[in-house]
Amino acid sequence: MRLALQGTVAAVAVTFAAATSAEALVIKSSDVHAMGYPTTDAIAAMGECLEEKTNGDMSIEIFHSMQLGGEKEALEQVQLGALEMTRVSVGVVGPIVDDFNAFNLPYVFRSIDHSHEVVDGEIGQDLLARLEAGGLIGLGFMDAGARSFYNKERPIEKPEDLQGLKVRVMQNPIFIDMMTAMGGNGIPIAFNELYTALQTGVVDGAENNPPSYLTQNHYEQAGYYSLTEHLIVPEIFVFSKNVWETLDEAQQQAIRECSKVATEKERELWKAMEDQAMAKLQEMGVQINEVDKQPFIEATAPVREKFGEQYAEILGKIEAVQ
Ligand code: GTR
């Protein structure tokens, strides 16, 4: 059964009815990226897994390319139950379940491998479980590499180079603090509004991993890419708790099992995509510069200190993970 998504009470009611009836269940899932991106292709693999496991009784319909708007709205729809599932950045989950902000602090992970150990282990699993309090069922994490700055004006070599620049950040106040600490001006804007914001000069730049910078064509507007790698923020995919509770155990189990397929698939696709994106950016004439990270690590120490007490327990655990 295919439903128009209006976010109305009626749509919510129909979705619940669909979930409890004997009819096939089509899970609607949103993503800001287009098909062909690691996250969307991984959710497609999850859908195939579900179809196979349930003889076609369960499947996933992907609303990709920001068809449903930005990530904040998608999360709200999932909390309501108007949308079953979404894949977003952990960057926008902090405002829902505060502890996720430990992952949103600059230079909190030592490397991508360190972030894998953390999300795959007890800390990651514990955080996923805490999403229930926010009306969400955490299904799993995915990779998003490291985020670096891009802008229209100049290569960023040291924090002072960010001075006077308006830099778009994800919609979470913690990233404004991060920008302030580095000397820039953080402006929260939804991902689906960013290309226009760059084009019209509402912002001078933004920060993201190479695949997002490339596939969103932001390099056309902001051609300096400086490898500060200041954030390693994982992706996450979540299910609506309201809808989850209408599913039987076998359905829940199938979703859990196929979620693992999605995580594995994305990791496999991610690495290749990152390398390809860097090569393509170079080919397109983007000015890429390596950066001595130490001054950026030092400049952002006040942010880690400010939130250090609040997230002391989890930050201590993250640091202890080898
Ligand atoms: C990308 C991420 C998206 C979105 C975007 C952003 O790396 O895959 O989910 O969060 O960044 O900056 O908003």
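The values are calculated or read from the model by the stated rules, or taken from the named source; none is laboratory data. Nothing here was measured: the structure is a model prediction, and the numbers come from that model. All Cβ positions, glycine included, derive from the backbone under ideal geometry; neighbour counts span all protein chains shown. Side chains included, ligands, DNA and RNA excluded: accessible areas come from the protein's heavy atoms. Shrake-Rupley method; radii C 1.70, N 1.55, O 1.52, S 1.80 Å.
Restricting the search to the stretch 216-237, which residues are more than 10 Å from the ligand (Cβ to nearest atom), among the acidic types (Asp, Glu) and either assigned to a strand (DSSP E or B) or under 25 Å from Lys265 (Cα atoms) (or both)? Passing the criteria: only Glu229.
Examine the stretch 282-290 for a residue that is in contact with a helix residue (DSSP H, G or I) (Cβ under 9 Å, 6 or more places away or on another chain) and closer than 30 Å to Ser29 by Cα, and state whether such a residue exists. The answer is no, given that none of the residues of the stretch 282-290 is in contact with a helix residue (DSSP H, G or I) (Cβ under 9 Å, 6 or more places away or on another chain) and closer than 30 Å to Ser29 by Cα. Quick one: is Val243 in a loop (DSSP other than H, G, I, E, B), of a type outside the set (D, E, K, R) and either away from the ligand (no atom under 13 Å from the Cβ) or outside the structural domain of Thr40 (by TED's automatic domain parsing) (or both)? So Val243 does not fit the description; no. Do the conditions hold for Tyr213, that is, is it over 25 Å from Val108 (Cα atoms), at pLDDT 95 or above and within 15 Å of the ligand (Cβ to nearest atom)? The answer is no for Tyr213. The set of residues from the stretch 39-71 being away from the ligand (no atom under 16 Å from the Cβ), open to solvent by less than 50 Å² (accessible area, probe 1.4 Å) and farther than 16 Å from Glu84 by Cα comprises Ala45, Cys49, Thr54, Gly56.
Condition first: touching a helix residue (DSSP H, G or I) at 6+ places or on another chain (Cβ under 8 Å), open to solvent by less than 10 Å² (accessible area, probe 1.4 Å), outside any helix (DSSP H, G or I) and more than 16 Å from the ligand (Cβ to nearest atom). Now tell me which residues in the stretch 121-170 satisfy that. Once the filter is applied, which keeps residues that are touching a helix residue (DSSP H, G or I) at 6+ places or on another chain (Cβ under 8 Å), open to solvent by less than 10 Å² (accessible area, probe 1.4 Å), outside any helix (DSSP H, G or I) and more than 16 Å from the ligand (Cβ to nearest atom), the stretch 121-170 yields Ile137, Ile156. In the set Arg168, Arg154, only one residue is touching a Gly at 6+ places or on another chain (Cβ under 8 Å) and basic (Lys, Arg); that residue is Arg168.
Residue pairs whose Cβ atoms lie under 6 Å apart, sitting 6 or more positions apart in sequence or on different chains, and linking a residue in the stretch 264-277 that is small (Gly, Ala, Ser) to a partner that is at pLDDT 95 or above and surrounded by 20 or more Cβ atoms within 10 Å (Cβ to Cβ), are Ala277/Pro210; Ala277/Pro211; Ala277/Leu214.
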